[in-house]
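The structure is given below, and queries will be raised subsequently.
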Amino acid sequence: MVRINRLHLHGFKSFAKPLDLEFLDGFNVCIGANGSGKSNIMDSLCFVLGKLSAKSMRAEKSANLIYNGGKTGSPMKEAEVSIFFDNSNHEFPIQINPHPPQEVKVSRIIRQNGNSVYKINDEVRTRQQVLELLAGAKIDPDGHNII
């Protein structure tokens, strides 16, 4: 089973400053007051896995996924979410320098115009290439994934 090592967010919804969430072995929990961003973390997972519908991530349009500055801050120009998967069991069909990497990084950047840039291990790829990589590890952004 594929395991998430960590999640990196910058400029996504309520996360103006870079945030790294590390997922340790065992049971991990996000707790906090109403409005502290717990649901935005789940939205960021859907976003980086390639979900297209902004409405399913509780936003009117894709550009609304970018931090808007709040009451006192400055709006961001783009938002980025990266997910780092443990690939020590070689579940992802990917090869780098004859061996599979121990970790696979999938990133998605969204710009103010609504365009997304997808990356696999920091190399620009199409959304379809990302979806194919995820499918190879039995991850479906529109399916039911246990997190």
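The values are calculated or read from the model by the stated rules, or taken from the named source; none is laboratory data. Bear in mind the structure is a predicted one, so any value in this text is a computation, not a measurement. All Cβ positions, even for glycine, are placed from backbone atoms using ideal geometry, and neighbour counts span all protein chains on display. Surface accessibility is based on the protein's heavy atoms, side chains included, excluding ligands, DNA and RNA. Shrake-Rupley method; radii C 1.70, N 1.55, O 1.52, S 1.80 Å.
Residues of region 49-67 being at pLDDT 90 or above and open to solvent by 40 Å² or more (accessible area, probe 1.4 Å), which ones?
Tyr67 - this is the single residue of region 49-67 that is at pLDDT 90 or above and open to solvent by 40 Å² or more (accessible area, probe 1.4 Å).
In region 12-42, how many are among the polar types (S, T, N, Q) and touching a helix residue (DSSP H, G or I) at 6+ places or on another chain (Cβ under 7 Å)? Outline the logic, then answer.
First pass over region 12-42, keeping only residues among the polar types (S, T, N, Q): 14, 28, 34, 36, 39-40.
After this cut, where a residue has to be touching a helix residue (DSSP H, G or I) at 6+ places or on another chain (Cβ under 7 Å) as well, the list is 14.
Counting residues in region 12-42 that are among the polar types (S, T, N, Q) and touching a helix residue (DSSP H, G or I) at 6+ places or on another chain (Cβ under 7 Å) gives 1.
Within region 1-25, restricting attention to residues that are aromatic (Phe, Trp, Tyr) and farther than 22 Å from Ala137 by Cβ, which residue is surrounded by the most Cβ atoms within 10 Å (Cβ to Cβ)? Spell out the reasoning first.
Start the filter on region 1-25 by keeping residues that are aromatic (Phe, Trp, Tyr), which leaves 12, 15, 23.
From what is left, the residues that are farther than 22 Å from Ala137 by Cβ are 12, 15.
Working: Phe12: 28, Phe15: 19.
Among those residues, the one meeting the criterion is Phe12.
Which of (1) in contact (Cβ under 8 Å) with a residue 24 or more places away in the chain; (2) at negative phi is the odd one out, the single condition Ser39 does not satisfy?
Result: Ser39 passes all but (1).
Another question about this same structure. Which residues, counting only those in region 15-27, are outside any strand (DSSP E or B) and either of a type in the set (Phe, Trp, Tyr) or farther than 21 Å from Val106 by Cα (or both)?
Of region 15-27, the ones outside any strand (DSSP E or B) are 16-18, 23-27.
Hits for region 15-27 are Phe23, Gly26, Phe27.
Would you say Lys71 is in contact (Cβ under 8 Å) with a residue 40 or more places away in the chain, of a type outside the set (Gly, Ala, Ser) and surrounded by fewer than 18 Cβ atoms within 10 Å (Cβ to Cβ)?
Judged against the criteria, Lys71 is not a match.
Might you let me know whether region 42-60 holds any residue that is more than 24 Å from Gly136 (Cα to Cα), of a type outside the set (Asp, Glu) and part of a strand (DSSP E or B)?
No, the conditions are met nowhere in region 42-60.
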